[in-house]
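These notes are about the structure you will find just below.
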Amino acid sequence: MNKRETVQALLDAVQKGDFDDAKSMLADDFQFSGPVPEPINKDIWLGMSRSLKTAFPDLDYHFRVIGTEGDVVRATSQLSGTHSGSFDLTGMNMGVIPATDKAFSAKLEKTKVTVKENKVTSWAVESTEGAGLMAILSQLDVKPTSM
């Protein structure tokens with residue numbers, strides 16, 4: 001697979017909720033950054049992604065790969081869904097948020113995904129007002145608890 005295909009396969013696995021497949025595409029030192037308070041590693045990111053799918057069973061990432069430059073694949077996403085399950089953010093020290101049955105639609109985010117030796121090493125999301133975890137929580141009218 002080329003870098004674009006690797007990223008598309010990862011995006012498809014995340015959208016489907018196939019986190020075992022997604023994990024197989026991530027480097028051991030994978031880092032996710034941008035819409036979270038601080039960068040997180042592979043295990044925390046996979047846990048957060050699983051929790052998102054549980055909390056928002058109808059979650060749609062609206063992923064789109066838009067180009068490749070060297071090791072970096074540029075993509076966009078625009079998350080939307082309905083909060084009908086518990087949102088477990090304990091891996092990020094933010095507690096568990098009970099279902100609100102509220103819908104959210106975040107703003108479009110630009111992403112740079114780095115691929116080296118056929119593994120995704122980083123997923124960096126540009127800071128965008130109205131997008132990301134804190135924007136989602138704001139739309140749901142909830143404040144995470146600190147542990």
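The values are calculated or read from the model by the stated rules, or taken from the named source; none is laboratory data. Quick caveat: nothing in here was measured; it's all calculated off a predicted structure. Positions of Cβ are generated from backbone atoms using ideal geometry, with glycine treated the same way; all protein chains shown enter the neighbour counts. Areas reflect the complete protein model, heavy atoms only, side chains present, ligands, DNA and RNA absent. Shrake-Rupley method; radii C 1.70, N 1.55, O 1.52, S 1.80 Å.
Is it the case, given these coordinates, that GLY130 is open to solvent by 10 Å² or more (accessible area, probe 1.4 Å) and part of a helix (DSSP H, G or I)?
No; evaluated as a whole, the condition is false for this residue.
Among what's in the stretch 17-35 and is under 22 Å from GLN78 (Cα atoms) and of a type in the set (S, T, N, Q), pick the residue that is modelled with the lowest pLDDT.
So, considering only residues that are under 22 Å from GLN78 (Cα atoms) and of a type in the set (S, T, N, Q), the one modelled with the lowest pLDDT is SER33.
Give me the pairs, please: first residue somewhere in the stretch 31-54 and without any contact (Cβ under 8 Å) to a residue 60 or more places away in the chain, second residue anywhere and aromatic (Phe, Trp, Tyr) and surrounded by 17 or more Cβ atoms within 10 Å (Cβ to Cβ), beta-carbon distance under 7 Å, and either six or more positions apart or on two chains.
Hits for this filter: PRO39/PHE32; ILE40/PHE32; ASN41/PHE30; LYS42/PHE30; SER51/PHE87.
Go through the stretch 13-33 and give me each residue that's open to solvent by 60 Å² or more (accessible area, probe 1.4 Å) and either among the aromatic types (Phe, Trp, Tyr) or closer than 15 Å to THR111 by Cα (or both).
Correct list: GLN31 only.
Quickly run through the stretch 133-147 and pick out the residues that are open to solvent by 70 Å² or more (accessible area, probe 1.4 Å), assigned to a loop (DSSP other than H, G, I, E, B) and in contact (Cβ under 8 Å) with a residue 40 or more places away in the chain.
Within the stretch 133-147, ASP141, THR145, SER146, MET147 meet the criteria.
Out of (1) more than 18 Å from LEU11 (Cα to Cα); (2) without any contact (Cβ under 8 Å) to a residue 40 or more places away in the chain, what's the single condition that is false for LEU89?
Tallying (1) more than 18 Å from LEU11 (Cα to Cα); (2) without any contact (Cβ under 8 Å) to a residue 40 or more places away in the chain, LEU89 fails exactly one: (2).
Which count do you get for residues in the stretch 115-127 that are more than 12 Å from SER33 (Cα to Cα) and not in a loop (DSSP other than H, G, I, E, B)?
4
On the given criteria, is ALA106 farther than 16 Å from VAL125 by Cβ, within 15 Å of the chain's Cα centre (by Cα) and open to solvent by less than 30 Å² (accessible area, probe 1.4 Å)?
Answer is no for this residue.
Would a scan of the stretch 60-73 turn up a residue that is of a type in the set (S, T, N, Q) and under 23 Å from GLY17 (Cβ atoms)?
Checked the stretch 60-73: no residue is of a type in the set (S, T, N, Q) and under 23 Å from GLY17 (Cβ atoms).
Considering only the stretch 42-74, state which residues are out of contact with any Lys or Arg (no Cβ under 7 Å at 6 or more places or on another chain) and exposed (fewer than 14 other Cβ atoms within 10 Å of the Cβ).
Listed by number, the residues that qualify are ASP43, PRO57, ASP58, ASP60, GLU69, GLY70.
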